[in-house]
Amino acid sequence: MPHHKLAAGIPCRICSLPFALPRSSAPTRSVPKETLTSEMNAETSDAPPTSLVDRTVVPGDTVLDLTAMASQTIKLGAGLRQDCDTISVMKAGKLRLSKPNKYWVESSHKRYVPCVEDTVLGIVVDCKPDNFLVDIKAPTLAFLPVLAFEGGTRRNIPKFEIGTLLYVRVVKANNSMNPELSCVDETGKASEFGQLKDGYMFETSTGLSRMLLSSPTCPVLEALGKSLSYEIAVGLNGRVWVNASSPSTVILVSNAIMNSESLSGVQQKIMVEKLMQRLQ
Amino acid sequence: MGAMTVDRADGRSVNQLRPLACSRNILHRAHGSARWSQGDTIVLAAVYGPKAGTKKGENPEKASIEVIWKPKTGQIGKLEKEYEMILKRTLQSICLMTIHPNTTTSIIVQVFGDDGALLPCAINASCAALVDAGIPLKHLAVAICCGFTEGGSVILDPTKAEEQKIQAFAYLVFPNSPLSVLPSAPSAEVDGPIENGIITSVTHGVMPVVDYFNCLERGRAACAKISEFHRRSLESQVPGDLTKAT
(Lines give C-alpha, C1' and ligand atoms only; values in the text may rest on other atoms or scores of the structure.)
Protein backbone atom coordinates (compact mmCIF):
# COMPACT_ATOMS: atom_id res chain seq x y z
CA MET A 1 0.00 0.00 0.00
CA PRO A 2 1.54 3.32 -0.97
CA HIS A 3 2.52 5.48 1.91
CA HIS A 4 1.43 8.99 0.98
CA LYS A 5 2.16 12.18 2.86
CA LEU A 6 -1.04 14.10 3.29
CA ALA A 7 -1.00 17.76 2.50
CA ALA A 8 -1.84 19.23 5.87
CA GLY A 9 -0.97 16.54 8.34
CA ILE A 10 1.65 14.05 9.30
CA PRO A 11 1.44 10.41 8.24
CA CYS A 12 0.83 9.10 11.72
CA ARG A 13 -2.31 7.45 13.07
CA ILE A 14 -3.57 7.90 16.58
CA CYS A 15 -5.66 4.90 17.52
CA SER A 16 -8.75 5.20 19.64
CA LEU A 17 -9.35 1.61 20.71
CA PRO A 18 -9.80 0.96 24.40
CA PHE A 19 -7.17 -1.22 25.97
CA ALA A 20 -6.92 -2.88 29.38
CA LEU A 21 -3.55 -3.04 31.06
CA PRO A 22 -2.44 -5.58 33.66
CA ARG A 23 -1.91 -2.95 36.34
CA SER A 24 -2.77 0.69 36.49
CA SER A 25 -4.26 2.80 33.76
CA ALA A 26 -7.52 3.49 32.07
CA PRO A 27 -8.52 2.76 28.51
CA THR A 28 -7.92 5.34 25.80
CA ARG A 29 -10.11 8.16 24.68
CA SER A 30 -10.54 8.84 21.01
CA VAL A 31 -8.19 11.43 19.57
CA PRO A 32 -9.66 12.95 16.41
CA LYS A 33 -7.15 13.41 13.61
CA GLU A 34 -9.14 14.28 10.56
CA THR A 35 -6.32 14.16 8.05
CA LEU A 36 -5.52 10.49 8.44
CA THR A 37 -7.09 7.89 6.25
CA SER A 38 -4.32 5.46 5.36
CA GLU A 39 -4.50 2.02 6.91
CA MET A 40 -0.94 1.21 7.78
CA ASN A 41 0.28 -1.43 10.12
CA ALA A 42 2.43 -0.16 12.91
CA GLU A 43 6.07 -0.12 11.98
CA THR A 44 8.42 0.15 14.88
CA SER A 45 10.54 3.26 14.62
CA ASP A 46 13.17 4.74 16.88
CA ALA A 47 12.00 6.32 20.13
CA PRO A 48 12.57 10.09 20.47
CA PRO A 49 16.09 10.97 21.59
CA THR A 50 15.22 12.22 25.07
CA SER A 51 12.33 10.43 26.63
CA LEU A 52 10.17 11.48 29.55
CA VAL A 53 8.91 7.94 30.17
CA ASP A 54 8.91 6.95 33.87
CA ARG A 55 9.55 10.53 34.91
CA THR A 56 7.23 12.92 36.68
CA VAL A 57 5.54 15.18 34.17
CA VAL A 58 3.64 18.39 34.77
CA PRO A 59 0.79 19.92 32.69
CA GLY A 60 2.29 21.58 29.65
CA ASP A 61 5.16 19.16 29.09
CA THR A 62 5.50 17.82 25.57
CA VAL A 63 6.15 14.11 25.63
CA LEU A 64 5.99 13.03 22.01
CA ASP A 65 6.87 14.69 18.76
CA LEU A 66 4.65 13.24 16.08
CA THR A 67 6.74 14.56 13.22
CA ALA A 68 9.49 12.19 14.27
CA MET A 69 7.23 9.14 14.36
CA ALA A 70 6.01 8.56 10.85
CA SER A 71 3.35 5.97 10.06
CA GLN A 72 2.96 4.67 13.60
CA THR A 73 -0.10 3.90 15.62
CA ILE A 74 0.01 5.43 19.08
CA LYS A 75 -2.56 4.82 21.80
CA LEU A 76 -3.12 7.55 24.39
CA GLY A 77 -4.42 6.88 27.84
CA ALA A 78 -5.34 9.12 30.76
CA GLY A 79 -3.78 12.52 31.16
CA LEU A 80 -2.48 13.06 27.61
CA ARG A 81 -3.87 15.06 24.74
CA GLN A 82 -2.93 15.79 21.19
CA ASP A 83 -1.92 19.38 20.47
CA CYS A 84 -1.38 19.77 16.70
CA ASP A 85 1.90 17.92 16.08
CA THR A 86 2.76 16.99 19.64
CA ILE A 87 1.36 15.02 22.52
CA SER A 88 1.27 17.07 25.72
CA VAL A 89 0.39 16.41 29.31
CA MET A 90 -2.87 17.47 30.97
CA LYS A 91 -2.47 16.02 34.47
CA ALA A 92 0.59 15.77 36.68
CA GLY A 93 1.91 12.29 37.34
CA LYS A 94 4.37 9.67 36.10
CA LEU A 95 4.49 9.05 32.38
CA ARG A 96 4.27 5.36 31.54
CA LEU A 97 4.85 3.45 28.35
CA SER A 98 3.67 -0.05 27.59
CA LYS A 99 5.59 -1.27 24.58
CA PRO A 100 5.18 -0.81 21.74
CA ASN A 101 2.90 2.18 21.61
CA LYS A 102 0.66 2.82 24.63
CA TYR A 103 1.32 5.99 26.65
CA TRP A 104 -0.48 7.26 29.73
CA VAL A 105 0.05 9.38 32.83
CA GLU A 106 -0.29 7.57 36.14
CA SER A 107 -1.77 9.76 38.84
CA SER A 108 -3.97 9.38 41.88
CA HIS A 109 -6.89 11.67 42.64
CA LYS A 110 -10.04 11.79 44.70
CA ARG A 111 -12.34 12.06 41.69
CA TYR A 112 -12.78 9.50 38.95
CA VAL A 113 -12.85 9.83 35.16
CA PRO A 114 -15.14 7.09 33.81
CA CYS A 115 -13.70 4.64 31.28
CA VAL A 116 -15.37 1.70 29.56
CA GLU A 117 -15.00 -1.73 31.20
CA ASP A 118 -14.08 -0.33 34.62
CA THR A 119 -15.77 -1.86 37.67
CA VAL A 120 -16.88 0.74 40.18
CA LEU A 121 -18.95 1.12 43.33
CA GLY A 122 -21.89 3.46 42.91
CA ILE A 123 -24.50 4.89 45.23
CA VAL A 124 -28.09 5.30 44.00
CA VAL A 125 -29.27 8.90 44.22
CA ASP A 126 -32.53 8.75 42.31
CA CYS A 127 -34.91 6.34 40.55
CA LYS A 128 -36.41 7.26 37.21
CA PRO A 129 -38.79 5.16 35.08
CA ASP A 130 -36.01 4.01 32.75
CA ASN A 131 -32.80 4.45 34.73
CA PHE A 132 -31.38 4.61 38.19
CA LEU A 133 -29.21 7.69 38.70
CA VAL A 134 -26.00 6.52 40.34
CA ASP A 135 -23.18 8.60 41.78
CA ILE A 136 -19.75 7.19 40.89
CA LYS A 137 -17.56 10.18 41.85
CA ALA A 138 -17.40 11.28 38.21
CA PRO A 139 -18.05 14.79 36.81
CA THR A 140 -21.63 13.75 35.97
CA LEU A 141 -24.12 11.26 37.38
CA ALA A 142 -24.26 7.86 35.72
CA PHE A 143 -27.34 6.06 34.41
CA LEU A 144 -28.06 2.42 35.23
CA PRO A 145 -30.88 1.11 33.00
CA VAL A 146 -33.56 -0.75 35.00
CA LEU A 147 -33.31 -3.69 32.62
CA ALA A 148 -29.52 -4.11 32.89
CA PHE A 149 -29.76 -7.04 35.30
CA GLU A 150 -29.63 -10.77 34.75
CA GLY A 151 -33.08 -11.87 33.65
CA GLY A 152 -34.29 -8.30 33.87
CA THR A 153 -37.76 -7.58 32.50
CA ARG A 154 -40.28 -4.82 33.08
CA ARG A 155 -41.98 -7.06 35.63
CA ASN A 156 -39.07 -7.66 37.99
CA ILE A 157 -37.36 -4.29 38.21
CA PRO A 158 -35.22 -4.27 41.38
CA LYS A 159 -36.32 -1.81 44.02
CA PHE A 160 -33.22 0.11 45.08
CA GLU A 161 -33.69 2.81 47.67
CA ILE A 162 -31.74 6.04 47.62
CA GLY A 163 -28.37 5.31 49.21
CA THR A 164 -28.02 1.71 48.02
CA LEU A 165 -24.45 0.64 47.30
CA LEU A 166 -23.99 -1.18 43.99
CA TYR A 167 -21.05 -2.93 42.32
CA VAL A 168 -21.42 -2.11 38.63
CA ARG A 169 -19.54 -2.05 35.36
CA VAL A 170 -19.15 0.99 33.11
CA VAL A 171 -20.55 0.33 29.65
CA LYS A 172 -20.45 3.73 27.95
CA ALA A 173 -18.25 6.66 28.86
CA ASN A 174 -17.97 9.81 26.78
CA ASN A 175 -16.90 13.15 28.11
CA SER A 176 -20.00 14.90 26.86
CA MET A 177 -22.64 12.39 27.98
CA ASN A 178 -23.61 10.80 31.25
CA PRO A 179 -21.82 7.45 31.65
CA GLU A 180 -23.91 4.30 31.41
CA LEU A 181 -23.58 1.35 33.78
CA SER A 182 -24.67 -2.26 33.85
CA CYS A 183 -25.09 -5.02 36.42
CA VAL A 184 -24.33 -7.81 33.96
CA ASP A 185 -21.05 -8.74 32.33
CA GLU A 186 -20.51 -9.12 28.59
CA THR A 187 -22.04 -12.60 28.44
CA GLY A 188 -25.19 -11.50 30.27
CA LYS A 189 -24.51 -13.16 33.64
CA ALA A 190 -24.80 -11.31 36.93
CA SER A 191 -21.32 -12.46 38.13
CA GLU A 192 -21.02 -10.59 41.45
CA PHE A 193 -22.51 -7.32 40.16
CA GLY A 194 -25.45 -5.82 42.00
CA GLN A 195 -26.24 -4.64 45.47
CA LEU A 196 -23.67 -4.98 48.28
CA LYS A 197 -25.47 -5.69 51.53
CA ASP A 198 -24.09 -5.15 55.06
CA GLY A 199 -20.44 -4.34 55.40
CA TYR A 200 -18.77 -0.94 55.44
CA MET A 201 -17.80 1.33 52.53
CA PHE A 202 -15.10 3.97 52.65
CA GLU A 203 -13.61 6.30 50.07
CA THR A 204 -9.98 6.52 49.07
CA SER A 205 -8.04 7.73 46.05
CA THR A 206 -8.03 6.08 42.64
CA GLY A 207 -4.33 5.24 43.01
CA LEU A 208 -4.98 3.13 46.10
CA SER A 209 -7.81 1.29 44.32
CA ARG A 210 -5.51 0.40 41.45
CA MET A 211 -2.89 -0.83 43.89
CA LEU A 212 -5.42 -3.03 45.67
CA LEU A 213 -6.51 -4.53 42.34
CA SER A 214 -3.00 -5.12 41.02
CA SER A 215 -1.72 -8.62 40.42
CA PRO A 216 0.11 -10.31 42.14
CA THR A 217 -2.04 -9.68 45.20
CA CYS A 218 -1.36 -6.46 47.03
CA PRO A 219 0.84 -7.12 50.13
CA VAL A 220 -1.59 -5.59 52.60
CA LEU A 221 -4.50 -7.76 51.44
CA GLU A 222 -2.33 -10.85 51.49
CA ALA A 223 -1.04 -10.12 54.99
CA LEU A 224 -4.57 -9.52 56.28
CA GLY A 225 -5.83 -12.68 54.61
CA LYS A 226 -3.31 -14.86 56.41
CA SER A 227 -5.02 -14.40 59.75
CA LEU A 228 -8.44 -12.88 59.10
CA SER A 229 -11.33 -13.85 56.89
CA TYR A 230 -13.07 -10.96 55.17
CA GLU A 231 -14.60 -10.10 51.85
CA ILE A 232 -13.82 -6.96 49.91
CA ALA A 233 -15.04 -5.18 46.81
CA VAL A 234 -12.80 -2.51 45.26
CA GLY A 235 -14.12 0.05 42.80
CA LEU A 236 -11.73 1.80 40.45
CA ASN A 237 -13.43 5.06 41.39
CA GLY A 238 -11.81 5.05 44.81
CA ARG A 239 -14.51 3.29 46.85
CA VAL A 240 -13.81 0.13 48.85
CA TRP A 241 -16.38 -2.09 50.58
CA VAL A 242 -15.34 -4.46 53.36
CA ASN A 243 -17.43 -7.13 55.06
CA ALA A 244 -16.49 -9.59 57.81
CA SER A 245 -18.20 -11.52 60.56
CA SER A 246 -17.34 -9.14 63.40
CA PRO A 247 -17.19 -5.32 63.44
CA SER A 248 -13.69 -5.27 64.92
CA THR A 249 -12.39 -7.23 61.93
CA VAL A 250 -14.08 -4.80 59.55
CA ILE A 251 -12.51 -1.83 61.34
CA LEU A 252 -9.08 -3.45 61.36
CA VAL A 253 -9.18 -4.29 57.65
CA SER A 254 -10.44 -0.81 56.72
CA ASN A 255 -7.78 0.94 58.79
CA ALA A 256 -5.04 -1.26 57.39
CA ILE A 257 -6.09 -0.46 53.82
CA MET A 258 -6.43 3.26 54.46
CA ASN A 259 -2.97 3.42 56.01
CA SER A 260 -1.27 1.49 53.23
CA GLU A 261 -1.34 4.05 50.45
CA SER A 262 2.13 5.48 50.80
CA LEU A 263 3.88 2.39 52.16
CA SER A 264 6.04 -0.08 50.29
CA GLY A 265 5.30 -3.82 50.29
CA VAL A 266 7.52 -4.61 53.25
CA GLN A 267 6.23 -1.64 55.24
CA GLN A 268 2.67 -2.78 54.60
CA LYS A 269 3.38 -6.24 56.03
CA ILE A 270 4.96 -4.71 59.14
CA MET A 271 2.02 -2.36 59.59
CA VAL A 272 -0.47 -5.23 59.37
CA GLU A 273 1.51 -7.27 61.91
CA LYS A 274 1.48 -4.38 64.35
CA LEU A 275 -2.29 -4.01 63.96
CA MET A 276 -2.81 -7.72 64.51
CA GLN A 277 -0.78 -7.62 67.71
CA ARG A 278 -3.02 -4.91 69.09
CA LEU A 279 -6.03 -7.08 68.38
CA GLN A 280 -4.69 -10.01 70.35
CA MET B 1 20.35 52.48 34.00
CA GLY B 2 22.86 52.67 36.79
CA ALA B 3 22.83 49.67 39.08
CA MET B 4 21.28 51.11 42.21
CA THR B 5 21.42 48.71 45.11
CA VAL B 6 18.24 49.14 47.09
CA ASP B 7 18.34 48.45 50.81
CA ARG B 8 15.41 46.19 51.58
CA ALA B 9 14.19 45.88 55.13
CA ASP B 10 14.67 42.12 55.33
CA GLY B 11 18.11 42.20 53.75
CA ARG B 12 17.17 40.62 50.42
CA SER B 13 18.72 41.70 47.14
CA VAL B 14 16.53 43.19 44.43
CA ASN B 15 16.12 39.88 42.64
CA GLN B 16 15.71 37.65 45.63
CA LEU B 17 12.39 36.01 46.43
CA ARG B 18 11.12 35.16 49.87
CA PRO B 19 11.28 31.49 50.89
CA LEU B 20 8.61 29.46 49.11
CA ALA B 21 6.73 26.56 50.66
CA CYS B 22 3.99 24.44 49.16
CA SER B 23 2.08 21.54 50.62
CA ARG B 24 -0.62 19.57 48.82
CA ASN B 25 -3.59 17.40 49.78
CA ILE B 26 -4.04 18.94 53.20
CA LEU B 27 -7.84 19.11 53.32
CA HIS B 28 -9.62 15.80 53.78
CA ARG B 29 -12.92 16.62 52.08
CA ALA B 30 -11.76 18.85 49.25
CA HIS B 31 -10.98 17.13 45.98
CA GLY B 32 -7.74 19.08 45.69
CA SER B 33 -6.05 21.48 48.06
CA ALA B 34 -2.77 23.32 48.37
CA ARG B 35 -1.20 25.78 50.75
CA TRP B 36 1.32 28.18 49.27
CA SER B 37 3.41 30.55 51.31
CA GLN B 38 5.87 33.24 50.25
CA GLY B 39 7.43 34.51 53.45
CA ASP B 40 4.52 35.59 55.65
CA THR B 41 1.93 35.66 52.87
CA ILE B 42 0.09 32.35 53.20
CA VAL B 43 -2.89 31.28 51.11
CA LEU B 44 -4.87 28.04 51.20
CA ALA B 45 -6.78 27.03 48.07
CA ALA B 46 -9.34 24.22 47.87
CA VAL B 47 -10.83 22.80 44.69
CA TYR B 48 -14.14 20.96 44.46
CA GLY B 49 -15.10 19.40 41.18
CA PRO B 50 -15.85 18.90 38.44
CA LYS B 51 -19.45 18.70 39.56
CA ALA B 52 -22.45 18.33 37.28
CA GLY B 53 -24.38 21.39 36.18
CA THR B 54 -23.45 24.95 35.28
CA LYS B 55 -24.67 28.26 36.64
CA LYS B 56 -27.35 30.22 34.89
CA GLY B 57 -25.31 32.62 32.79
CA GLU B 58 -22.57 30.18 31.81
CA ASN B 59 -22.11 28.35 28.55
CA PRO B 60 -23.17 24.69 29.01
CA GLU B 61 -20.90 23.53 26.20
CA LYS B 62 -17.85 24.25 28.33
CA ALA B 63 -16.84 23.63 31.89
CA SER B 64 -17.15 26.66 34.14
CA ILE B 65 -15.06 27.85 37.05
CA GLU B 66 -16.28 29.72 40.09
CA VAL B 67 -13.94 31.36 42.57
CA ILE B 68 -14.74 32.32 46.15
CA TRP B 69 -12.24 34.54 47.93
CA LYS B 70 -12.30 34.57 51.70
CA PRO B 71 -10.25 37.32 53.35
CA LYS B 72 -8.49 36.80 56.65
CA THR B 73 -10.65 39.33 58.49
CA GLY B 74 -13.53 41.57 57.65
CA GLN B 75 -16.45 41.29 55.31
CA ILE B 76 -16.32 40.51 51.62
CA GLY B 77 -16.14 43.74 49.66
CA LYS B 78 -15.20 45.10 46.26
CA LEU B 79 -11.54 44.20 46.57
CA GLU B 80 -12.39 40.55 47.14
CA LYS B 81 -14.75 40.59 44.17
CA GLU B 82 -11.98 42.03 42.01
CA TYR B 83 -9.57 39.33 43.13
CA GLU B 84 -12.20 36.70 42.36
CA MET B 85 -12.67 38.08 38.85
CA ILE B 86 -8.93 38.21 38.12
CA LEU B 87 -8.40 34.71 39.49
CA LYS B 88 -11.33 33.34 37.50
CA ARG B 89 -10.06 34.81 34.22
CA THR B 90 -6.52 33.59 34.86
CA LEU B 91 -7.60 30.06 35.70
CA GLN B 92 -10.02 29.94 32.77
CA SER B 93 -7.12 30.50 30.42
CA ILE B 94 -5.10 27.60 31.80
CA CYS B 95 -7.88 25.03 32.20
CA LEU B 96 -9.05 22.92 29.28
CA MET B 97 -12.69 23.92 29.27
CA THR B 98 -13.95 21.50 26.64
CA ILE B 99 -12.98 18.22 28.28
CA HIS B 100 -15.95 18.04 30.68
CA PRO B 101 -18.78 20.17 29.33
CA ASN B 102 -21.64 21.24 31.59
CA THR B 103 -19.68 20.93 34.81
CA THR B 104 -18.59 23.44 37.45
CA THR B 105 -15.32 23.51 39.30
CA SER B 106 -15.29 25.60 42.48
CA ILE B 107 -12.13 27.08 43.88
CA ILE B 108 -12.18 28.55 47.37
CA VAL B 109 -9.25 30.72 48.38
CA GLN B 110 -8.69 31.43 52.06
CA VAL B 111 -6.12 34.04 53.07
CA PHE B 112 -4.14 33.04 56.13
CA GLY B 113 -1.63 35.88 56.11
CA ASP B 114 -1.11 38.94 53.96
CA ASP B 115 2.38 40.41 53.80
CA GLY B 116 2.49 41.71 50.24
CA ALA B 117 2.11 39.93 46.88
CA LEU B 118 -1.20 38.40 47.96
CA LEU B 119 -2.76 37.88 44.54
CA PRO B 120 0.30 36.12 43.02
CA CYS B 121 0.44 33.85 46.07
CA ALA B 122 -3.25 33.04 45.64
CA ILE B 123 -2.78 32.27 41.94
CA ASN B 124 0.11 29.94 42.71
CA ALA B 125 -1.90 28.20 45.42
CA SER B 126 -4.95 27.80 43.15
CA CYS B 127 -2.86 26.35 40.37
CA ALA B 128 -1.26 23.86 42.76
CA ALA B 129 -4.71 22.90 44.07
CA LEU B 130 -6.03 22.37 40.54
CA VAL B 131 -3.11 20.05 39.80
CA ASP B 132 -3.79 18.17 43.04
CA ALA B 133 -7.45 17.71 42.08
CA GLY B 134 -6.58 16.37 38.64
CA ILE B 135 -8.36 19.06 36.64
CA PRO B 136 -7.00 18.94 33.05
CA LEU B 137 -4.74 21.95 32.43
CA LYS B 138 -2.96 23.30 29.37
CA HIS B 139 0.04 24.34 31.44
CA LEU B 140 0.71 25.75 34.90
CA ALA B 141 0.37 29.41 35.83
CA VAL B 142 3.24 30.95 37.78
CA ALA B 143 2.69 34.37 39.33
CA ILE B 144 5.03 37.01 40.74
CA CYS B 145 4.88 40.59 41.93
CA CYS B 146 7.39 43.14 40.63
CA GLY B 147 7.73 46.55 42.24
CA PHE B 148 9.18 49.69 40.69
CA THR B 149 10.86 51.98 43.18
CA GLU B 150 11.35 55.72 42.91
CA GLY B 151 15.06 55.23 42.34
CA GLY B 152 14.25 53.40 39.13
CA SER B 153 15.09 49.84 40.15
CA VAL B 154 12.85 46.81 39.97
CA ILE B 155 12.40 44.73 43.13
CA LEU B 156 10.81 41.28 43.17
CA ASP B 157 8.29 39.95 45.68
CA PRO B 158 7.85 43.09 47.83
CA THR B 159 6.51 42.83 51.36
CA LYS B 160 3.51 44.85 52.45
CA ALA B 161 5.67 47.63 53.89
CA GLU B 162 7.65 47.84 50.65
CA GLU B 163 4.46 47.84 48.57
CA GLN B 164 3.21 50.91 50.38
CA LYS B 165 6.43 52.84 49.83
CA ILE B 166 7.15 52.08 46.18
CA GLN B 167 5.88 54.07 43.25
CA ALA B 168 4.22 51.26 41.29
CA PHE B 169 3.98 47.48 41.21
CA ALA B 170 2.69 44.84 38.83
CA TYR B 171 1.31 41.35 39.37
CA LEU B 172 2.45 39.17 36.48
CA VAL B 173 1.37 35.64 35.62
CA PHE B 174 3.34 33.56 33.11
CA PRO B 175 2.97 29.99 31.85
CA ASN B 176 5.46 27.58 33.35
CA SER B 177 8.59 26.43 31.56
CA PRO B 178 7.74 23.01 30.18
CA LEU B 179 9.95 19.97 29.68
CA SER B 180 9.92 18.95 26.09
CA VAL B 181 11.27 16.18 23.92
CA LEU B 182 11.16 18.55 20.98
CA PRO B 183 14.37 20.25 19.88
CA SER B 184 14.28 23.79 21.28
CA ALA B 185 13.06 26.42 18.87
CA PRO B 186 15.90 28.44 17.33
CA SER B 187 13.94 31.68 17.54
CA ALA B 188 13.91 31.65 21.35
CA GLU B 189 16.42 34.50 21.60
CA VAL B 190 14.83 36.56 18.85
CA ASP B 191 11.44 36.75 20.58
CA GLY B 192 13.00 37.89 23.82
CA PRO B 193 11.88 36.98 27.29
CA ILE B 194 8.18 36.71 26.49
CA GLU B 195 8.52 33.86 24.01
CA ASN B 196 6.08 31.70 25.91
CA GLY B 197 3.52 34.45 26.40
CA ILE B 198 2.00 36.15 29.39
CA ILE B 199 -1.31 35.24 30.98
CA THR B 200 -2.19 38.12 33.29
CA SER B 201 -0.79 41.54 34.19
CA VAL B 202 -2.32 43.76 36.88
CA THR B 203 -0.59 47.06 37.58
CA HIS B 204 -0.97 49.60 40.35
CA GLY B 205 0.55 53.05 40.28
CA VAL B 206 2.43 54.89 37.57
CA MET B 207 5.60 53.69 35.87
CA PRO B 208 7.27 54.43 32.52
CA VAL B 209 6.69 51.95 29.70
CA VAL B 210 10.37 51.03 29.44
CA ASP B 211 10.44 50.10 33.10
CA TYR B 212 7.27 48.05 32.68
CA PHE B 213 9.06 45.93 30.08
CA ASN B 214 12.00 45.71 32.46
CA CYS B 215 9.59 44.35 35.09
CA LEU B 216 8.32 41.79 32.59
CA GLU B 217 11.85 40.58 31.91
CA ARG B 218 12.76 40.21 35.56
CA GLY B 219 9.43 38.63 36.37
CA ARG B 220 9.83 36.08 33.59
CA ALA B 221 13.26 35.07 34.81
CA ALA B 222 12.05 34.73 38.38
CA CYS B 223 9.03 32.72 37.27
CA ALA B 224 11.38 30.16 35.77
CA LYS B 225 12.72 29.61 39.29
CA ILE B 226 9.25 29.35 40.79
CA SER B 227 8.24 26.97 38.01
CA GLU B 228 11.23 24.79 38.87
CA PHE B 229 10.17 24.80 42.54
CA HIS B 230 6.63 23.81 41.54
CA ARG B 231 7.92 20.89 39.51
CA ARG B 232 10.14 19.66 42.32
CA SER B 233 7.31 19.81 44.84
CA LEU B 234 5.17 17.70 42.48
CA GLU B 235 7.93 15.15 42.06
CA SER B 236 8.35 14.60 45.76
CA GLN B 237 4.64 13.91 46.23
CA VAL B 238 4.23 11.17 43.64
CA PRO B 239 3.57 7.99 45.65
CA GLY B 240 5.86 4.99 45.60
CA ASP B 241 5.91 2.73 42.57
CA LEU B 242 3.86 -0.11 43.93
CA THR B 243 2.19 -0.53 40.59
CA LYS B 244 5.40 -0.80 38.65
CA ALA B 245 5.98 -3.86 36.53
CA THR B 246 7.98 -6.37 38.50
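Things worth noting here:
- Flagged links, alpha-carbon separation over 27 Å, of A:K189/A:K269; A:K110/A:K226; A:K75/A:K128; B:K88/B:K138: A:K189/A:K269; A:K110/A:K226; A:K75/A:K128
- 222 nm mean residue ellipticity, helices alone, for chain B (DSSP H n ≥ 4; -39,500 (n - 2.57); rounded to 500): -9500 deg cm²/dmol
- With R₀ set to 45 Å, the beta-carbon distance separating B:F112 from A:R154 gives a calculated FRET efficiency near 0.20.
- Selected from A:N131, A:V113, A:T86, residue furthest toward positive end of dipole (region A:77-157; charges at beta carbon): A:T86
- Partnerless Cys - chain B, beta-carbon criterion under 4.7 Å: B:C22, B:C95, B:C121, B:C127, B:C145, B:C223
- Förster radius 45 Å - calculated FRET efficiency between B:T98 and A:S262 (Cβ-Cβ, nearest 0.05): 0.85
- Going from the isolated chain to the complete set of protein chains, region A:61-98 loses at least 20 Å² of heavy-atom accessible area (1.4 Å probe) at A:D61, A:T62, A:D65, A:R81, A:M90, A:K91, A:A92, A:K94, A:R96.
- Region A:165-228-region A:131-150 distance, computed between alpha-carbon centres (Å): 15 Å
- Applying the criteria of a DSSP loop state and at most 15 other Cβ atoms within 10 Å to the GluC sites (Glu not before Pro) of region B:1-67 yields B:E58, B:E61.
- FRET efficiency, A:Q280 to B:V210 (Cβ-Cβ, R0 56 Å, nearest 0.05): 0.15
- When both bridge partners sit in chain B, DSSP labels roughly 85% of those beta bridges antiparallel.
- The modelled label-to-label distance for the pair A:S227/B:D10, using points 7 Å beyond Cα in the direction of Cβ, is 5.1 nm.
- Cβ-placed point charges (K, R +1; D, E -1), dipole of chain B about Cα centre in debye, nearest 20: 800 debye
- Antiparallel %, DSSP beta bridges [both residues in region B:7-152], to 5: 75 percent
- The value obtained for region A:118-206, namely the Cα convex hull volume divided by the number of residues, is 104 Å³ per residue.
- Solvent-accessible area buried by pairing A with B, both sides, nearest 100 square angstrom, 1.4 angstrom probe: 3300 Å²
- Per-residue surface analysis assigns A:D126 an accessible area of about 60 Å², computed on protein heavy atoms at 1.4 Å probe radius.
- For region A:65-124 and region B:110-124, distance of Cα centres in Å: 34 Å
The values are calculated or read from the model by the stated rules, or taken from the named source; none is laboratory data. Computed from a prediction, not measured in an experiment: that's the story for all the values here. FYI the Cβ positions are ideal-geometry reconstructions off the backbone, even for glycines, and counts take in every protein chain you see. With ligands, DNA and RNA removed, areas are computed over all heavy atoms of the protein, side chains included. Shrake-Rupley method; radii C 1.70, N 1.55, O 1.52, S 1.80 Å.
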